[in-house]
Amino acid sequence: MMFLEIFKFELKYRAKRADTYIYFLALFLFSIIAVDFLNDAPLGALKRNAPIIIARTMGIISALFMMISSMIMGVAVLRDFDHGMESLMFINPFKKRDYLLGRFLGSLTVLILIFCAVPLGMMLGDLLPWHEPNLLLPFNSWHYIHPFITIVIPTLFFGGAIFFVSGTLSRKLIVVYTQGILFLMIYIVSLQLVKGSEYLYVASLLEPFTFQSIAIIAQYWTIVEQNNTLISLEGVLLYNRLIWIGIGIIALGIGYYRFQFIAVRDRARKGFQVSTKKQEFSTPKRMTVIPSITQHTGYIATCKSFIKHSLFYYRSILKEVSFWAIVICAMSILLISSINLGTAFGVDSYPTSYIIIGELIENTAIFFLLIIIFYSGELIWKERDKKMQPIYDALPISDSLNIMSKFLGLMLVLTSLMIAMIIAGILFQTYRGYYLYELDVYFTSFFIAIFPFIFLISIVSFFFQIVINHKFVSHIVTVIVVFAITIPLKVKGLDHGLYTFGGSDLGGYSDMNGYGHFLTPYLWFKTYWSAFALLLLIGATVISVRGTKVSFLKRLKQGKLRFTRPLQKASIVLIVILIGSGSFIFYNTNILNNYSFSSTENTYRASYEKELKQFEYLPQPKIIDVHLTVELYPSERKYSAEGYFILKNTYDHPIREIHIQELPSDDVQYEYLTIDKGSSINSKYKEFKYHIFELETPLQSQDSLYFNFKQVFAPKGFTEGKEKVIVDNGTFFTNFHFPTIGYQNDIELENTDERLKQGLTPQNGRAAIDDFRYLTTARANGDGEEIHFEMIMGTEIDQTAIAPGSLQKEWIENGRHYYHYKADSQMSNFYTMLSAQYELVKDQWNSSIDLEIYYHKGHEYNLDRMMHGMKKSFDYFNTVLSPYAYRQMRIVEVPNYHSKAQSYPTTVPFSEDIGFILDIDDEEDVDMAFFVTAHELAHQWWGHQINPANVQGKSMISESLAQYGAMMVFQKEFSNEKVRQLLAREKERYLKGRTQENEQEMPLYLVDRNQQYIHYGKGLVNLYAFQDYISEDSVNLALKRFIEDWNSFDGIKKSQTDKYPTTKDLLPYFREVTPDSLQYTITDLFETVTFYKNKTTSATYDKLSDHQYQVSLEIETSKFRQDIDGQENGIPINDWIDIGIYAKDSDELLYLKKHKITKQHTTLEIIVGQEPGNAGVDPMNKLMDKDENDNIMILEKK
Amino acid sequence: MELIINNLSKTYSNGVKALNGVSLEISKGMFGLLGPNGAGKSSLMRTIATLQEADQGTVTLGEIDVLKQKDTVRKMLGYLPQEFGVYPKVSAEVLLNHLAVLKGISHKNERKEIVQALLHKTNLYEHRKKNLGGYSGGMKQRFGIAQALLANPSLIIVDEPTAGLDPAERNRFYNLLSELGEQAVVILSTHIVDDVKELCTDMAIINSGQVLYKGNPKEAITQLEGKVYRKTIAKDELQGYKQEYRVIAERFLLGKPIIHILSDIHPQNGFESIPTDLEDVYFSHIFGNLSTLAN
């Protein structure tokens, strides 16, 4: 049978070709380490070989290596044309069906065999002996084979079908080369197109590689489920696979009908042949004499040919259709996604230049990479692909000129693209009505921050193209190498910029601080690496292929001859630069400063713990008074701080030793550290900057002493890392820079693996809620929580320095600007020092509190919203909770490095990208400037008045209650719709967040460290639900009582017990105000992890009269509770749940009432006075329900 | 200036001896290189054109060591490879101009002049604006010729230059070459014996990487004068004749084989003496001396 023959031939043909094995090997090797590269979910509780990880990784690999499909499938028929075999083939007496099908299935079989490398490689990768056994599930080969069959093979089929058909019909090799890449781009574009949650389902169908559909299937899976559940072929994944297999079949059908057994297609050479006929036989009009010419050599002539040659290559790329295809794809991505200036809050930012640039770069980076990798191949192979190399290679140009021109040509292309992007950015800003074009920022970002990276990657790509001398293999190798060097090396301890390729990036731009002081080290590192890369390029040049093909070894040998004088000179210069800049960098990072390998640092932290942990609970005096003079020198990035702390013995027994911990930083020097009582210093732990003052006479109970110090912070040279404490404009640091008392457990090593390596047991999260040793410590880790505060700050003359308290005096002295602050009353030992060139807007609340916003000039957009937020917050909190204790509240803008707002007593440092440059559209957006302001102000109560103990549940008091407070303030000012928007987002945050949980998900009242999704997300949603059940007033009453009893300064219970409050202290206040029938809600919302599954299964209505409509609903409700192993188990339901009915074509609720639901299936009949539209259970989504889309239904008329 | 090739050898990695102790002295004028397919002509020419390394031997052009001072040679070299391609999306004029830049003709006017002149010379002037992708095989070959003559080369190497040219173009090209041969060393490889006879003052015949003959074509003919005989025979007799005589050529005329043999004396037996042709010289070297190859 002819088909079988052709099929077998295809297999044999591929079996003999080296590239078949190269692809297999590349895939195999990549798959071994693929999880380490591609997986971005935190591993630990989620195991490395969890089915979802395997499936997701396979999906990504099959997308990344689509090029291989193209190379195998695209050439199956094309190769007959490419080798000029078509005339020999097509005259044979076989059928089109046999030929096409044989070739297709043969190639597909080969392709699938090649991709078998993926499961095999991944299996091997997971079986490698060095994985921690507790990071792996028991090996199960089905976990690899199943996704290979359901995910990889369908992808290969449809991709293969499309590539096969396009290669067959286009008959062009370039199509085969480009289509894999093009495919990837189309994919990126389509992903962008459907971005945004409402289209996620559509996106998951449209997206052939299943990232999206797997994400949808598993979106709310907990870690336990992710570890144990195979991604089964159902739902959206099944439809996705069917759609794409269908598309493959359609493509094959089209290919079959369009393909003809004709060697030459009837396509005339455009407008050419007619004139050829005329000319071919004509004799020349005149016999010209060949004029004599002069050949120039030397510097100028070489430069000229260099430039001309480069321009020639530049133009040749611009002529490529594929190039414009890439550019158009990139542009369309920009068009689609640059509208998305979204922030974490779902509100757009103003299109400031640096944000636009960030967006431009993020969205187009992959295209730059594509262009580099693809066109470096095309350029290196340009002559050989067109068989022009015999002519070119015999030209009197040097090897280096040739390769350098190609390189410059590519650089010109990339530069043009960057200029185009700058223009695009400016056009976009104009379109958004934003006219502050900062050209300097554009140019710096593109040509200083981005270009060096592009330059280095291009050299790498050139290097591999030349050395490997196989275009396609080089593509793959370059992709892998670029991956390996751009994804930060996971092997910690190898992170110095002197040996991580390219060094680190420039870091973020801040409107306040520009690129700050990071530019200098950045340029040094780039100089160093550029020299290195150019040496690579020279090395590649001398072994590049010129003339006939010879083996790599021979090229190496010949290289000696081709290492010409100019190249030798250049190499020497480059080596000098390399060594020079390298030494300078080393001098700065390792000699002036102390660069420690992560491993060294880990050892340091571990031995700190081993040596000093013994002192952790040693009774120590508390700081009760802080009196400092801080001199800031922002442009030199220095400060000095001098003054005293008053330390008081709050214990009822004497204290003999005072333990002081200096800031463990080499940049800090102490001029003196003394106490005003006779003592001697025990320097045993000097290496940890830990000093023990042995008192001659013990400090008696309730006695105090002065601790005096002067510390100077002065970085020398530059460091490897990015230290952002003192910056030119936008200094922001806290009291944690100053000496602290006793053992500091935040110096301890945190990472569990590293701890085990160092012989330490894993850290637990927060201390247990009843651990008495921690109940007496709170925000300041026991150094003393309530202090009197006074500070004089000096800064540069054009800057404003801000510390907590009332401004006593402001003056100028010696060309410096001084400020004297003093807190009106006691405050928590948690304060900031800030300095920058600020503008100031002032207002007052109730003529008693000064409201101030210090902001960066140009960031005026949301000042009114913030001011409004402050006023409304004071209105609310001062009334329902307790009076504010100070006479001022300040919002202070800080550079976007900090990307958060944080509440300190009387001061809220607010990052520039949060709030200040939000472009809030009151129609569509939630006013996050208002909400965040309210949240931070709420912390003045939840965090500062109430200072929760350092145990589990701490952040429920500080964060969840602040969220709740902000929401209550917000609710008074904004519509229900906005409230609903906010709640929905926070619920999403919780449900998404718990799928990433590495440890155990705690109930809200025991929330642990680093469980933001619980204390922010769930905290807001559940407290909102709680006040919905028992009323806002009742909740506030409980909170008011809680503050009265437990505030840090005059709380009755606080002063009686000497401990800081916990959620165990809070919840009784809640119980007190909750009716018996609703006591269960406290259990559900705060004490356990409880879910609902609410669904309306049928909804109809009947018109009884014009004013009477009877609605019949069938609802399904079930309730689940998570147990200690993370399993969710059904529990009986006996709950009050909202039933709601909306008016027809309106958002107006005709009916909203809580019904007592006691069984899973409930039928309800409700009469409303207007024609209803939608109805269902829990319409406002107040309960924790993973699928809230099925809660309401459109009512059908009976 | 003279090109001296001394004991040049090259063995490919697959064991094929492309060049085996080739020694030649080539002076100004046209030098013909004759040989069958795979004889080593292209290897030799590529080596002289700096595109291939030799295993041993030397090549010097005047004072220049061709194998080492490649850049110097390239400046004076015009090379037309046997097979080459062109960038399809560029016009002849642009590409020629570009190549001229790369050959170091950095003066713009000079470059323009020589490009124009060569386009005229190769009869491509009318098509100079057209993309090379649309050129026919012959036109492409002419373009190749034009680029080889940029920069007044003093060493011109043309490998099978007339392949694909119609007779008129071929004549024109040879005229052009002879013109250039007055000032330059021109090496022409071909398997068309007549081309060499018409054009070359000197020639060499190579086969299996070895020089079988070097000298003047006319002398070569004289050497064999009166030694070539011809006979029309029956098909089944061919084998017998091949064993008995030194058959140097066989071809069919009207369905019957005609053989040429080489003999010092008249072989009688129906053979007739014919005037010696260069082709006979060629075949006598290729087949006549090495009877093992005759079959």
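The values are calculated or read from the model by the stated rules, or taken from the named source; none is laboratory data. Please read these numbers as outputs of a predicted model, since none were measured by experiment. Methodologically, a virtual Cβ is constructed for each residue, glycine included, from the backbone with ideal geometry; neighbour enumeration extends over all protein chains shown.
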**Message:** Checking B:ILE187 against (1) within 14 Å of chain A (Cβ to nearest Cβ); (2) modelled with pLDDT of 85 or more; (3) at positive phi, only one condition comes out false. Which one?
**Reply:** (3)
**Asked** Using beta carbons and a limit of 9 Å, which pairs, at least six apart or on different chains, have the first residue in the range A:148-162 and without any contact (Cβ under 8 Å) to a residue 60 or more places away in the chain and the second one surrounded by 23 or more Cβ atoms within 10 Å (Cβ to Cβ)?
**Response** A:ILE153/A:PHE115
**Prompt:** Looking at the range A:288-394, what helices (runs of 4 or more DSSP H) fall wholly within it and have at least 1 residues that are in contact with a Pro (Cβ under 6 Å, 6 or more places away or on another chain) and either farther than 22 Å from B:ALA148 by Cα or at pLDDT 85 or above (or both)?
**Reply:** A:389-393
**Complete:** Given the conditions (1) without any contact (Cβ under 8 Å) to a residue 24 or more places away in the chain; (2) under 27 Å from A:GLU748 (Cα atoms); (3) not aromatic (Phe, Trp, Tyr), every one holds for A:SER583 apart from (2)
**Conditions (1) in contact with a strand residue (DSSP E or B) (Cβ under 9 Å, 6 or more places away or on another chain); (2) surrounded by 18 or more Cβ atoms within 10 Å (Cβ to Cβ); (3) not in a helix (DSSP H, G or I); number of the one not met by A:ASP1008** = (1)
**Message:** Under 7 Å between Cβ atoms, which residue pairs at least 6 apart in sequence (or on different chains) link something in the range A:364-379 that is assigned by TED's automatic domain parsing to the domain that holds A:VAL327 with a partner that is modelled with pLDDT under 90 and among the basic types (Lys, Arg)?
**Reply:** A:GLY377/A:LYS471
**Item:** Members of the range A:484-539 that are closer than 17 Å to A:ILE459 by Cα, surrounded by 15 or more Cβ atoms within 10 Å (Cβ to Cβ) and modelled with pLDDT under 90
**Value:** A:ILE485, A:THR500, A:PHE501, A:GLY502, A:GLY503
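Per-residue answers, yes or no, for (1) at the interface with another protein chain (Cβ under 7 Å from one of its Cβ atoms); (2) in contact (Cβ under 8 Å) with a residue 60 or more places away in the chain; (3) among the aromatic types (Phe, Trp, Tyr):
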{"position": "B:PRO81", "(1), (2), (3)": "yes, yes, no"}
{"position": "B:TYR87", "(1), (2), (3)": "yes, no, yes"}
{"position": "B:SER91", "(1), (2), (3)": "no, no, no"}
{"position": "B:HIS98", "(1), (2), (3)": "yes, no, no"}
{"position": "B:ASN109", "(1), (2), (3)": "no, no, no"}
**Request:** Filter the range A:810-831 for residues that are part of a strand (DSSP E or B) and either outside the structural domain of A:THR629 (by TED's automatic domain parsing) or acidic (Asp, Glu) (or both) and give the result.
**Result:** A:GLU810, A:GLU813
**Asked** Can you name every residue in the range B:116-133 that is part of a helix (DSSP H, G or I), facing chain A (nearest Cβ under 7 Å) and in contact (Cβ under 8 Å) with a residue 40 or more places away in the chain?
**Response** B:LYS121
**Request:** Report yes if B:SER154 is farther than 21 Å from B:GLY104 by Cα, hydroxyl-bearing (Ser, Thr, Tyr) and assigned by TED's automatic domain parsing to the domain that holds B:ASN109, otherwise no.
**Result:** no
**Item:** From B:TYR245, B:TYR241, B:TYR229, residue being crowded, with 20+ Cβ neighbours inside 10 Å, over 21 Å from the mean Cα position of the chain (by Cα) and not assigned by TED's automatic domain parsing to the domain that holds B:ILE26
**Value:** B:TYR229
**Fill in**
Flagged pairs (Cβ under 8 angstrom, 6 or more apart or on separate chains; first in the range A:235-262, assigned to a helix (DSSP H, G or I); second acidic (Asp, Glu)) are A:ASN240/A:GLU207
**Prompt:** For the range A:91-112, which residues satisfy the criterion of being free of Cβ contacts under 8 Å to residues at least 60 places away in the same chain and assigned to a helix (DSSP H, G or I)?
**Reply:** A:LEU108, A:LEU111, A:ILE112
**Message:** Just to be sure I understand, how many residues within the range A:864-901 are in contact (Cβ under 8 Å) with a residue 60 or more places away in the chain and among the polar types (S, T, N, Q)?
**Reply:** 4
**Message:** Can you go through A:ARG816, A:ARG773, A:ARG766 and tell me which one is farther than 25 Å from A:GLN945 by Cα and touching a strand residue (DSSP E or B) at 6+ places or on another chain (Cβ under 8 Å)?
**Reply:** A:ARG816
**Request:** Output the residue which, of all residues in the range A:1028-1066 that are within 40 Å of the chain's Cα centre (by Cα) and not in a helix (DSSP H, G or I), is farthest from A:TYR886 (Cα to Cα).
**Result:** A:SER1031
**Asked** Does A:ASP1190 meet the test of being in a strand (DSSP E or B), within 41 Å of the chain's Cα centre (by Cα) and surrounded by 14 or more Cβ atoms within 10 Å (Cβ to Cβ)?
**Response** no
**Message:** Can you confirm whether B:ILE157 is surrounded by 23 or more Cβ atoms within 10 Å (Cβ to Cβ) and more than 8 Å from chain A (Cβ to nearest Cβ)?
**Reply:** yes
**Complete:** When restricted to B:GLU25, B:GLU53, the only residue acidic (Asp, Glu) and not in a strand (DSSP E or B) is B:GLU53
**Search result, residues across the range A:579-599 that are buried (at least 19 other Cβ atoms within 10 Å of the Cβ) and under 18 Å from A:GLU687 (Cβ atoms)** = A:ASN593, A:TYR595
**Message:** Whether any residue in the range B:60-79 is part of a strand (DSSP E or B), over 17 Å from A:ASP399 (Cα atoms), at the interface with chain A (Cβ under 8 Å from one of its Cβ atoms) and in contact (Cβ under 8 Å) with a residue 24 or more places away in the chain is what I want to check.
**Reply:** yes
**Request:** Could you tell me whether any residue of the range B:185-201 is among the small types (Gly, Ala, Ser) and under 30 Å from B:PHE271 (Cβ atoms)?
**Result:** no
**Complete:** All conditions in (1) modelled with pLDDT of 80 or more; (2) part of a loop (DSSP other than H, G, I, E, B) are true of A:ILE33 except (2)
**Prompt:** Looking at (1) surrounded by 16 or more Cβ atoms within 10 Å (Cβ to Cβ); (2) in contact (Cβ under 8 Å) with a residue 24 or more places away in the chain; (3) more than 30 Å from B:THR11 (Cα to Cα); (4) not aromatic (Phe, Trp, Tyr), can you tell me which one B:GLU250 breaks?
**Reply:** (2)
**Prompt:** Just one of B:LYS129, B:LYS112, B:LYS108 is out of contact with any Ser or Thr (no Cβ under 9 Å at 6 or more places or on another chain), modelled with pLDDT of 90 or more and surrounded by fewer than 19 Cβ atoms within 10 Å (Cβ to Cβ); which is it?
**Reply:** B:LYS112
**Complete:** Filtering helices (runs of 4 or more DSSP H) wholly in the range B:136-236 for at least 1 residues that are under 30 Å from B:LEU262 (Cα atoms) gives B:193-199, B:217-224
**Message:** So the check is Cβ under 8 Å with 6+ separation or different chains; which pairs have a first residue in the range A:546-561 that's assigned by TED's automatic domain parsing to the domain that holds A:SER400 and in a loop (DSSP other than H, G, I, E, B) and a second one that's surrounded by fewer than 16 Cβ atoms within 10 Å (Cβ to Cβ) and among the polar types (S, T, N, Q)?
**Reply:** A:SER551/B:SER13
